Amino acid sequence: MRHLLSIDDLDADDLHRLLELTDHMMEISSRPIPKVPALRGKNVVSLFFEDSTRTRTSFDTAAKRLSADTMNFSVSSSSVSKGESLRDTIETIAAMGVDAFVVRHRSSGAPQMITRWTNASIINAGDGWHQHPTQALLDCYTIRTGLNRRDGFDGLRIAIVGDIKHSRVARSDVQAFAALGAHVTVVAPPTLLPPSLDGWPVEVSHDLDSLLPDLDVLYLLRVQRERMEEALLPSLHEYSLLYGLTDARAARLAPHALVMHPGPMNRGVEMVADPGELSGSVILNQVTNGVAVRMAVLFWLLGSGTDLTEAP
Amino acid sequence: MRHLLSIDDLDADDLHRLLELTDHMMEISSRPIPKVPALRGKNVVSLFFEDSTRTRTSFDTAAKRLSADTMNFSVSSSSVSKGESLRDTIETIAAMGVDAFVVRHRSSGAPQMITRWTNASIINAGDGWHQHPTQALLDCYTIRTGLNRRDGFDGLRIAIVGDIKHSRVARSDVQAFAALGAHVTVVAPPTLLPPSLDGWPVEVSHDLDSLLPDLDVLYLLRVQRERMEEALLPSLHEYSLLYGLTDARAARLAPHALVMHPGPMNRGVEMVADPGELSGSVILNQVTNGVAVRMAVLFWLLGSGTDLTEAP
Amino acid sequence: MRHLLSIDDLDADDLHRLLELTDHMMEISSRPIPKVPALRGKNVVSLFFEDSTRTRTSFDTAAKRLSADTMNFSVSSSSVSKGESLRDTIETIAAMGVDAFVVRHRSSGAPQMITRWTNASIINAGDGWHQHPTQALLDCYTIRTGLNRRDGFDGLRIAIVGDIKHSRVARSDVQAFAALGAHVTVVAPPTLLPPSLDGWPVEVSHDLDSLLPDLDVLYLLRVQRERMEEALLPSLHEYSLLYGLTDARAARLAPHALVMHPGPMNRGVEMVADPGELSGSVILNQVTNGVAVRMAVLFWLLGSGTDLTEAP
């Protein structure tokens, strides 16, 4: 595997292997000096055409724990603002010596397109409404450890709630959860569902409340405030009434059920309860696991021939 | 000690110990390769909600000399601009694995508040009008070495001149200088003094000129131009006439007296003379000492169990 | 040599020695772990008063391959925006411990001026219309390897095409190419030539087409779109007709001839053909070589007493 562009690139065996590799990365991350020399001399470049401190920092931290060098580009400070083409930008940076590009772009397919212009590995860190594969991997890892499901998600009932239509997180999560055997329901107002769900391995519901008692995982998506301006949402208040996680809804979840969110949360909208008071919240575990999952992905793509157990 | 939030957190013994530790850090900084592995694997995150290249760079340099990893966040590029709460931002970054946050914030008390949300050490790098403790430590170190006062400041006469009311530097410096035994006078127009100086271990003067010959240290504060718009200052010119360090005033200082400024200077306002021509100016020493003081603070908070003399 | 401000600072022997040192740096850059400890503990600060991701990244990568520490300042985030003088900014940063400043500034002569205020080495990374010496060195290295001319450029015919008047690249390249023995022609509309070319070791032409068959190197400069607003260029289309590299013009080049561009390219203006399809294009080699040349310059200025062959 040279790139990670989509959860489609991974079969169930790949998913399991990446999640097992993540176990090793969690162990490394828990050491007093959480560093191994595995990727020393490798150059990992973040190329973010959309702002995301959270994801960029997670990849950056992951790369440093593996002793890779890192560089960050954001659109505003790059030559792209001088009218240079995306292709020229990629080829120029690559010519300085790059082993992997971590790419976020508002256009679906941009990371795929970039693979044509460089020999470096491309990791999709979110492209348009399309895919966000490392988010799906960290979500799988969080469920796997949170519910002690090392062998797969057979029989797990997962609801993903919110703006399915515009969410790359939903697309990647649905594929990954289903590939591992989970039963996934997407819950949204009709305006926030894709025109067709043909080929999505999901059920659809508009009624969160009836699902709650049977869920193993409640996954809340972030509400994008701009959807209201587009008249896809009547009001944040009404959204919150129908789909927000209130204390009353939280009380109806099974005691073992996990509450997840990709962040950043809109408190008072999709997250009305205080997540710090929800016994099932693993939202901060998702963040911690995100670093380890990204270490696993970087090592998987760049670490051939090196040994994770090599002394520093 | 887990945090450094205020000079109040330190008694005179702590101050002396930190200044002695700074001596070691100055020695390390003078080596051909000014680096020790003391904090290898520690992650120091700068979280600056107000811009300050100077202070951020000083901490960054200090952390690198101790072999810590560093990451920088500024408000504009963080999720805070997406409406995420400060608490969620802190908890999210902390979940990636942070040993210390270096925080600058326009609100007094923000660093204190942050200690509730994370187990990481918090270092206050300036909060509102409240405190800037590492500035006070570097100022103490500069006086200690500049006047050869390793045992304390008993009998030293220090004047702090300028906008006392809105200055966190003044608050921290007054406490630290007094704790070490100095006699401190604050000099300002009445509009730039706090409504009450109850509890401040200082004398007040509106007449800089009469103090000059007796001073051991003349400490100039930066004039904030926005104070004029608030009608707290009649004009920069008038301020300069009454409180600016002119060549004439410099000539009336004792030969051994130090001239200090936290930077950046307003030349022609509080600093009329050319500081490069003032024999007593230790303004650039303050900058150099700032790196060593911040190394000492980072090692004090994060270095337990490690040995400064360990080979690289 | 303490600084690199201008190609004037280098005689032909210096140029040859730097290009030979670049050979070593290319070898280091080709290793699986492209790093040597030569500049460990050295602090290299980029100070860019004009935006340039490309050049800044190239220096940054070069410094990291030599194990130097790096810091980046850009105007917008520095105290310069608070009204601090350039001199105070330089002296303050230098006081934190800086071994070299890499400076880009819109004013010709700014890097030279800065040498007065600090003991650090200054490397000019582009000043106004004046000089861009590391660009000239990487261009020389690219020609030297691309045409196998290790002993000099005697008899080579090089045309530099475009906005000679406002180009620091043209000024530095003309000096360096000529010092190595090349025969240089500058090709431009009269409005984009300097008022006088006295002292330039060049011929002038307004007719690119007649030169093409005899060239060993065709060097295209970037068209600055703002020159049209200044009425120095009638239109991009007309520029392209007369001076752009079209497929037809490319077909008239000798088979061995190199096509070069300092980037970023304006496709469809000075570069009409697809550079990926031009057999003589060494534009991406220029980028790759740029890192190695900057490693050589950094080592030349800061590496005295250290040994490139030292084990990591």
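The values are calculated or read from the model by the stated rules, or taken from the named source; none is laboratory data. Quantities reported herein were computed from a predicted structural model and do not represent experimental measurements. Glycine gets a Cβ as well: all are built from the backbone with ideal geometry, and neighbour counts include every protein chain shown.
A few notes on this one:
- Meets criteria (in contact with a Lys or Arg (Cβ under 6 Å, 6 or more places away or on another chain), more than 14 Å from residue A:258 (Cα to Cα) and not β-branched (Val, Ile, Thr)) for residue A:192: yes
- For residue A:259, the conditions (1) under 30 Å from residue A:28 (Cα atoms); (2) at pLDDT below 95 are fulfilled apart from (2).
- Residue within segment A:28-43 that is under 23 Å from the mean Cα position of the chain (by Cα) and small (Gly, Ala, Ser) present: yes
- Candidates C:6, C:67: the one that is under 19 Å from residue C:135 (Cα atoms) and in contact (Cβ under 8 Å) with a residue 24 or more places away in the chain is C:6.
- Criterion: touching a helix residue (DSSP H, G or I) at 6+ places or on another chain (Cβ under 6 Å) and within 17 Å of residue A:193 (Cβ to Cβ) - qualifying residue of A:232, A:278: A:232
- Residue check, residue B:196 away from chain C (no Cβ under 14 Å), surrounded by 13 or more Cβ atoms within 10 Å (Cβ to Cβ), out of contact with any Leu (no Cβ under 7 Å at 6 or more places or on another chain) and free of Cβ contacts under 8 Å to residues at least 60 places away in the same chain: no
- Single condition residue C:218 does not satisfy, out of (1) closer than 29 Å to residue C:288 by Cα; (2) in contact with a helix residue (DSSP H, G or I) (Cβ under 9 Å, 6 or more places away or on another chain); (3) assigned to a helix (DSSP H, G or I): (3)
- Taken over segment A:275-302, the residue count meeting the criterion of being touching a His at 6+ places or on another chain (Cβ under 9 Å) and either away from chain B (no Cβ under 13 Å) or among the β-branched types (Val, Ile, Thr) (or both) is 5.
- Only one of the listed residues (A:191, A:92) is without any contact (Cβ under 8 Å) to a residue 24 or more places away in the chain, part of a helix (DSSP H, G or I) and out of contact with any Ser or Thr (no Cβ under 7 Å at 6 or more places or on another chain). That residue is A:92.
- Tally of residues being of a type in the set (Gly, Ala, Ser) and surrounded by 13 or more Cβ atoms within 10 Å (Cβ to Cβ) across segment B:204-232: 1
- Only one of C:254, C:250 that is in contact with a strand residue (DSSP E or B) (Cβ under 9 Å, 6 or more places away or on another chain), more than 10 Å from chain A (Cβ to nearest Cβ) and under 23 Å from residue C:214 (Cβ atoms): C:250
- For the condition in contact with a helix residue (DSSP H, G or I) (Cβ under 6 Å, 6 or more places away or on another chain), among the acidic types (Asp, Glu), assigned by TED's automatic domain parsing to the domain that holds residue B:259 and at pLDDT 95 or above, residue B:173 qualifies.
- Of the set (1) on the phi < 0 side of the Ramachandran plot; (2) away from chain A (no Cβ under 13 Å); (3) not hydrophobic (A, V, I, L, M, F, W, C), all apply to residue B:126 but (1).
- Only residues that are assigned to a strand (DSSP E or B) and not aliphatic (A, V, I, L, M) were counted across segment A:114-171, and they come to 6.
- Residue C:30 vs. criteria away from chain B (no Cβ under 14 Å), of a type in the set (Gly, Ala, Ser) and touching a Gly at 6+ places or on another chain (Cβ under 6 Å): no
- Of all the listed residues (C:294, C:249), the sole one being under 20 Å from the mean Cα position of the chain (by Cα) and among the basic types (Lys, Arg) is C:294.
- Residue within segment A:192-209 that is of a type in the set (Phe, Trp, Tyr) and assigned by TED's automatic domain parsing to the domain that holds residue A:41 present: no
- Residue count for segment B:85-112, restricted to those that are at the interface with chain A (Cβ under 10 Å from one of its Cβ atoms) and of a type outside the set (D, E, K, R): 9.
- Counting only residues that are more than 10 Å from chain B (Cβ to nearest Cβ) and touching a strand residue (DSSP E or B) at 6+ places or on another chain (Cβ under 8 Å), segment A:33-54 holds 9 of them.
- Options C:39, C:15; residue that is modelled with pLDDT of 95 or more, assigned to a loop (DSSP other than H, G, I, E, B), surrounded by 20 or more Cβ atoms within 10 Å (Cβ to Cβ) and of a type outside the set (D, E, K, R): C:39
Yes/no per residue for (1) farther than 18 Å from residue A:102 by Cβ; (2) modelled with pLDDT under 95; (3) charged (D, E, K, R):
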residue	(1), (2), (3)
A:11	yes, no, yes
A:28	yes, no, no
A:51	no, yes, yes
A:54	no, yes, yes
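- The requirement of being touching a residue at least 12 places away in the same chain (Cβ under 8 Å), surrounded by 19 or more Cβ atoms within 10 Å (Cβ to Cβ) and touching a Gly at 6+ places or on another chain (Cβ under 6 Å) is not satisfied by residue C:105.
- Selection status of residue B:178, of a type in the set (Gly, Ala, Ser), touching a residue at least 12 places away in the same chain (Cβ under 8 Å) and surrounded by fewer than 22 Cβ atoms within 10 Å (Cβ to Cβ): yes
- Enumeration of residues in segment C:190-239 that are among the polar types (S, T, N, Q) and at pLDDT 95 or above: C:205, C:210
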